[in-house]
Amino acid sequence: MNIIITGASKGIGAELVRIFSRNKNNQIFAISRNRENMRKLYSECLKINADCKVVTFEFDLEQFEFYPFLVQKIESAFRHVDILIHNAGQIINKPFSKTTAQDFDKLFNINVKSIFLLTQMLLPDMNAGGHIVTIGSMSGIGGKKKHPGLSLYSTTKGAIATLTEALAEELQDRNIFVNGIALGSVQTEMFEKAFPGKKASLNPAQAAQYIADFALNGQKYFNGKILPVSASLP
């Protein structure tokens, strides 16, 4: 499988790279702006599997004008894409009354626009039967509990859910599947920013194992679905 993972330098993204690297038949293109973490991750993957095929690429997903360069690098790594996991994301924990237009642009750029543009630019490379997986949040699902300070974050995650459903409809004629995972509490840096002092029910490795299995097999059973993955909520 040829697999692209964004937000790959830490947390769930890094765990996904480690999991996929165990299989020598997988080729992984891991994207993050954190160069040092990516170097460490690559070394860890080699220890897991000396035959692993992992490309770590330093890139800031907010630099939209350089996306053609990013796609060129991906295409130089492999001819087609089987799995695209949109894991990159940011959070701002701030009261709505103090949230700025700059905050709005930053969160929508990373959490939503990057998914929109990268998916669009990689469509010619997506294999028939390919699976695009977006990583959202329970806070982005209508009717679920929302939390003070996270109104902007929750709004971006709601946009991701809608985009996921819309893309599944648009791409079904091309036999490309699109699904979303709405995570509950997972002990990541993002969770700690959102809920200081609280303990999550899942760790990144547990969440990543579910996501990896779903990325490989979920398209056999679902398309255009947002699946809640939540042992508990904060």
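The values are calculated or read from the model by the stated rules, or taken from the named source; none is laboratory data. The shown structure was predicted, so the numbers you read here are calculated from the model rather than taken from an experiment. Note: ideal-geometry Cβ built from the backbone for every residue, glycine included; neighbour counts use all protein chains shown.
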If you take the residues of the range 149-186 that are modelled with pLDDT of 90 or more and in a loop (DSSP other than H, G, I, E, B), which of them is nearest to the chain's Cα centre (by Cα)? I176
Working carefully through the options A8, A30, find the one that is assigned to a strand (DSSP E or B), aliphatic (A, V, I, L, M) and under 14 Å from the mean Cα position of the chain (by Cα). A30
So which residues in the range 47-76 are surrounded by 17 or more Cβ atoms within 10 Å (Cβ to Cβ), assigned to a helix (DSSP H, G or I) and hydrophobic (A, V, I, L, M, F, W, C), if there are any at all? L70, I74
Pairs only if they're at least six apart or on different chains, beta carbon under 6 angstrom, first in the range 206-230 and more than 16 Å from T6 (Cα to Cα), second of a type in the set (G, A, S); list them, first residue then second. N223/A168; G224/A168; I226/A161; I226/G180; I226/A182; P228/A182; S230/G184
Condition first: more than 14 Å from the chain's Cα centre (by Cα) and part of a helix (DSSP H, G or I). Now tell me which residues in the range 118-134 satisfy that. Q120, M121, L122, L123, P124, D125
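Listed here are the residues, each with its yes/no results for (1) over 25 Å from V186 (Cβ atoms); (2) in contact with a Ser or Thr (Cβ under 7 Å, 6 or more places away or on another chain); (3) among the hydrophobic types (A, V, I, L, M, F, W, C).
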position: N23; (1), (2), (3): no, no, no
position: V55; (1), (2), (3): yes, no, yes
position: F66; (1), (2), (3): yes, no, yes
position: R79; (1), (2), (3): yes, no, no
position: I91; (1), (2), (3): no, no, yes
Return yes when E44 is under 27 Å from L171 (Cα atoms) and assigned to a helix (DSSP H, G or I) and no when it is not. no
Got a sec? Which of I110, I92, I132 is of a type in the set (A, V, I, L, M, F, W, C), out of contact with any helix residue (DSSP H, G or I) (no Cβ under 8 Å at 6 or more places or on another chain) and closer than 25 Å to E15 by Cα? I110
Tell me yes or no: at least one residue of the range 217-228 is in a loop (DSSP other than H, G, I, E, B), crowded, with 16+ Cβ neighbours inside 10 Å, in contact with a helix residue (DSSP H, G or I) (Cβ under 6 Å, 6 or more places away or on another chain) and not acidic (D, E). yes
Which numbered condition trips up E192, out of (1) in contact (Cβ under 8 Å) with a residue 12 or more places away in the chain; (2) farther than 18 Å from I3 by Cβ; (3) assigned to a helix (DSSP H, G or I); (4) not β-branched (V, I, T)? (1)
Can you find, within the range 77-93, the residue that is farthest from S154 (Cα to Cα) among those that are out of contact with any Phe, Trp or Tyr (no Cβ under 9 Å at 6 or more places or on another chain) and surrounded by 14 or more Cβ atoms within 10 Å (Cβ to Cβ)? D82
Counting only residues that are within 17 Å of A88 (Cβ to Cβ) and buried (at least 17 other Cβ atoms within 10 Å of the Cβ), the range 192-216 contains a total of 7
